[in-house]
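The values are calculated or read from the model by the stated rules, or taken from the named source; none is laboratory data. In this text the structure is predicted, and so the values were computed from the model without any measurement. Remember, those area values only see protein heavy atoms, side chains included, never the ligands or the DNA or RNA. Shrake-Rupley method; radii C 1.70, N 1.55, O 1.52, S 1.80 Å.
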Amino acid sequence: MIEFLQDLWGFMRERKKFWLAPIILVMLLLGVLIVVAQGSAVAPFIYTLF
């Protein structure tokens with residue numbers, strides 16, 4: 001996993017694709033939100049956001 005992140009950072013740095021960082025971050029946060037909300041009591045509140 002760490003090697004993948006290093007390769008991704010090297011790609012973004014070498015090709016000046018820093019605009020990809022916020023997109024990747026938002027996708028990761030949404031993924032974590034979905035995983036956390038699956039079995040919790042917070043799920044009804046999260047569904048109202050979308």
MRE, 222 nm, helices only [DSSP H, n ≥ 4, -39500 (n - 2.57), over the chain, to nearest 500]: -23000 deg cm²/dmol
Accessible area expressed per residue, the chain, with surrounding protein chains retained (probe 1.4 Å, Å²): 92
The chain - percent of accessible surface contributed by carbon and sulfur, probe 1.4 Å: 74
